[in-house]
Amino acid sequence: PLLRVADAGGVVYDVACFQGGGALANRTWIAGGTLAGEVKFWDAADLTCAELELRGHEDRVACVAVLDGLICSGSHDSTARVWDLRSGESVVLRGHTDAVTAVDALRGFV
């Protein structure tokens, strides 16, 4: 592996870096999708794992994107989610017939 991080729970499928806000204020973070169906966060400076975990997918998280306090995640459970970092709540986007393997975020759009 190119990089090992604490508490990854196995494979990390995709990562996105962002400047923190909400529960992760004042630092640069790496968000990653895990085999366990979670989105986890690591401090980019020292790679320590944050206590915050976003849970809700029923299969591995294949992709993540970050924009303005929102985390977008796609999973092999055939859903995408848009998470609010301030509240930890998510909106589930259903209707896919297979794994969601790519997500992106653009101001005003997800």
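Asp84 falls short of the stated requirement of being open to solvent by 20 Å² or more (accessible area, probe 1.4 Å), modelled with pLDDT of 95 or more and farther than 14 Å from Ala16 by Cα. Of the candidates His57, His96, the single residue that is part of a loop (DSSP other than H, G, I, E, B), surrounded by 19 or more Cβ atoms within 10 Å (Cβ to Cβ) and not aliphatic (A, V, I, L, M) is His57.
In segment 22-33, the qualifying residues are those that are surrounded by 12 or more Cβ atoms within 10 Å (Cβ to Cβ) and either among the hydrophobic types (A, V, I, L, M, F, W, C) or within 11 Å of Ser73 (Cα to Cα) (or both), and the one that is modelled with the lowest pLDDT is Ala23. Can you name the residue in segment 7-21 that is small (Gly, Ala, Ser) and open to solvent by 50 Å² or more (accessible area, probe 1.4 Å) and, of all such residues, is modelled with the lowest pLDDT? It comes out as Gly9. Restricting Ala50, Ala31 to residues that are farther than 24 Å from Arg107 by Cβ and touching a strand residue (DSSP E or B) at 6+ places or on another chain (Cβ under 6 Å) narrows the list to Ala50.
Yes or no, residue by residue, for (1) surrounded by 12 or more Cβ atoms within 10 Å (Cβ to Cβ); (2) in contact (Cβ under 8 Å) with a residue 40 or more places away in the chain; (3) of a type in the set (Gly, Ala, Ser); (4) farther than 15 Å from Tyr13 by Cα:
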position: Leu35; (1), (2), (3), (4): yes, no, no, no
position: Phe41; (1), (2), (3), (4): yes, no, no, no
position: Ala45; (1), (2), (3), (4): no, no, yes, yes
position: Cys49; (1), (2), (3), (4): yes, yes, no, yes
position: Glu53; (1), (2), (3), (4): yes, no, no, yes
position: Gly69; (1), (2), (3), (4): yes, yes, yes, yes
position: Thr79; (1), (2), (3), (4): yes, no, no, yes
position: Val103; (1), (2), (3), (4): yes, yes, no, no
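The values are calculated or read from the model by the stated rules, or taken from the named source; none is laboratory data. Bear in mind that the values here come from a model prediction, so they are computed numbers and not experimental data. As a convention, Cβ positions derive from the backbone with ideal geometry for all residues, glycine included, and neighbour counts pool all protein chains shown. Accessible surface areas use protein heavy atoms only, side chains included; no ligands, DNA or RNA. Shrake-Rupley method; radii C 1.70, N 1.55, O 1.52, S 1.80 Å.
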